[in-house]
Structure formats: structure tokens, C-alpha cells
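Novice: One structure coming up, written as C-alpha cells, with questions to follow.
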Amino acid sequence: MRLADINIRDPFILPYNGKYYMYGTRAIYTWTQEIKDGYGFDVYESTDLENWSEPKSIFENHMGFWGDFQFWAPEVHIYKGRFYLLATFTSKECFRGTAILSSDTPNGEFKEHSWGALTPREWSCLDGTLYVENGTPYMVFCHEWCQIKDGEICAVELSRDLKQPQGQPFTLFKASDAKKWVLPVDKDCYVTDGPYMMNIDGELICLWSSFGKDGYLEAIARSSNGKMDGEWTVDDKLLFEKNGGHGMIFTDFSGNMNFVYHSPNETPFERPCVRKIDKNMLKRQ
């Protein structure tokens, strides 16, 4: 398959052992609120980032699993020698949240690792990502605008085995902190979507998505001290601003940095897009 022929949202690419593994939300199922056999996650494999394998299922809804519908935004991280898939699930019995699955391989069957969502049970949350700071794992996630109006990017420390939260969640920043460009989606409601954390030469940044004058977009927030507990500010300059986002950055096998995101932000027309990116584009302007 060509990259342009793949229909997914929220793409995430993991380079590993000479191959690229791409995960994402099955776009055709994104907004359906019924239980379907198709609810699950796939992996695509490539050696050149342009030609990809057919999708291979790595997780499917099954009896006994707590999630019912809206299986969203899978991303796979290597942690202590294993592969951990963080993804969002919605249940008829509890709020939406992010849970963790695990596997011995990046393209094998993923099974439940955490017991349900690791985001707060009384919150509506989505798009959890993993970030490890000085050996301490954190889940960074969105507290949804549909519950609190002004969406937040929050974090919670995880146990070293990634099975449960440790302590209380804390807020890094709010969508409305992007005063120069953010626009509401419904009266005074502001969206936070798709956080992705990375350290650039000692500076900790968070890629995230929201909405502006040209639709869905990719923005950058950064910590004042290079750590999770710093004071967070949102850049005035956008990384991508025209009907695309929920991105992440990976380094290819040639040492180049690449930004992958979906565009357009319209179901079922979403496609993963990959473009090289200069590290200087991510630094404070």
C-alpha cells in the first residue's frame, strides 16, 4: 500500500530494528457508537516510509474487555524491553479514558496490561502518551473540553510497571493559554488533543492539537525548566495550521527527524502525512 492510500487518524510511527511500524485510529469507525467487530487496532510495516504492508490486526474488541466503542489513538512505546500500546477507549459504564496494552513484539498480539483506564475514573479523558523523566514514567493526556469546556493537557505519574497511577494528576496547561490563535469549537469550549512529549537539547516540549482559523492544527507548548514540573507556555507560532494534526515526531534510520500527522481532519478522508522537519523548527523562536 502507498502511504496516501491508508485511511487512519492519529498516526504514530515506531522505528524498530530496520522497519517502521505505523499505528492509528481506524478512521471509518471513529465516530460510530455501536459495538462492532471492527473495533480494534492495526499495524502497517514499511522499510521506506512510502510503501506499506496491508494492515495487520494487533488488538480487537472481545468479551470481557471493558471498552465498548471509540477505540482511538494507539501509540506504541518501548519501555524496559517490551512494547506498550497506549490507547483511548469508551465504555457505556464509565468515562472515556486511556489504558495500556502490551506485547513482546511491535506487530504481535497486544493484551491488556493495566486494569482499565489509568486516567482518573471521574474524568472524561483521551489521547494518553508515555513520557519517562529520569526513570519515572508519566502518562500525559487530555482532560476533555466536553466535560470542562476549557480542555487541559494533564499528567499523572505511573507505577514503574505501568499498571496503575501514582498520586494525583496535575495540569500542564489549558487550551485557552494559546491566546494568539485558539478558537472555540462551541461557544466558550476549547479543545486539547493528541499530546506528544519530547526533549530537544534539554528543552521539554509538548506537541498538541486544537482549532484555529484554518481548522485543526498542530501546536507546541514548552516547559520553563525542561521538566514536567516547569511552568508551561504555548508558542504563538504553529507547527501546522491547515486542517491537520494529532502528530508526533520520530527519527528515521538515516538520522532525519520526521513529523507525521493526519490530514484532512474529516472522516473518512484522513490520510497519514510524513514530512521531514528541522530541529530548529521545534526550538523557541
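The values are calculated or read from the model by the stated rules, or taken from the named source; none is laboratory data. If you're wondering where the values come from, they're calculated on a predicted model, not measured in any experiment. Note: ideal-geometry Cβ built from the backbone for every residue, glycine included; neighbour counts use all protein chains shown. For the accessible areas, the whole protein counts, side chains as well, though only heavy atoms, and no ligand, DNA or RNA atoms are used. Shrake-Rupley method; radii C 1.70, N 1.55, O 1.52, S 1.80 Å.
Novice: Using only the Cα atoms of the chain, build the gyration tensor, take square roots of its eigenvalues as a ≥ b ≥ c, and label the shape rounded, prolate or oblate: rounded if a/c is under 1.5, else prolate if a/b is larger than b/c, else oblate.
Specialist: Note, shape of the chain comes out rounded.
Novice: Please sort by residue number the trypsin sites (Lys or Arg not before Pro) in segment 43-117 whose DSSP state is loop and whose Cβ has at most 16 other Cβ atoms within 10 Å.
Specialist: Filter output for segment 43-117: 80, 92.
Novice: Given the whole protein assembly as supplied and a 1.4 Å probe, what does the accessible area of residue 59 come to in Å², nearest 10?
Specialist: 10
Novice: Related question: Roughly how many Å is it from the Cα centre of segment 48-88 to that of segment 173-232, as a whole number?
Specialist: Cα centres, segment 48-88 to segment 173-232: 25 Å.
Novice: Follow-up. Please give the per residue accessible area of segment 136-253, computed with a probe of 1.4 Å over protein heavy atoms only, in Å².
Specialist: Values: 4880 Å² over 118 residues.
Using a 1.4 Å probe on heavy atoms only, each residue of segment 136-253 averages 41 Å².
Novice: Still on this structure: For segment 173-204, which trypsin sites (Lys or Arg not before Pro) pass both filters: DSSP loop (anything but H, G, I, E, B) and at most 12 other C-beta atoms within 10 Å?
Specialist: Numbers: sites: 174, 179, 180, 187; in loops: 179, 180, 187.
Within segment 173-204, the qualifying trypsin sites (Lys or Arg not before Pro) (loop, at most 12 other Cβ atoms within 10 Å) are 179, 180, 187.
Novice: Taking the Cα centre of the chain as the origin, how large is its charge dipole in debye, to the nearest 20, when only Lys and Arg (+1) and Asp and Glu (-1) carry charge on their Cβ atoms? Please list the in-between numbers first.
Specialist: On the way: 30 positive and 41 negative charges, 77 e Å.
The dipole of the chain has a size of about 380 debye.
Novice: For the chain, what does the helix formula give at 222 nm: sum of -39500 (n - 2.57) over DSSP H segments with n ≥ 4, over the residue count, nearest 500 deg cm²/dmol? Intermediate results must be reported in sequence, preceding the final value.
Specialist: Working: 1 runs with 4 residues, N = 285.
Taking each H run of at least 4 residues, the total per residue is 0 deg cm²/dmol.
Novice: Oh, and also: Test of the criteria: in segment 115-196, which GluC sites (Glu not before Pro) are in a DSSP loop and have at most 16 other Cβ atoms within 10 angstrom of their Cβ?
Specialist: Values: sites: 122, 133, 144, 152, 157; in loops: 122, 144.
Within segment 115-196, the qualifying GluC sites (Glu not before Pro) (loop, at most 16 other Cβ atoms within 10 Å) are 122.
Novice: I want to check the label-to-label distance for residue 82 and residue 134. Put each point 7 Å from Cα in the C-beta direction and report it in nm to one decimal.
Specialist: About 2.6 nm, to one decimal.
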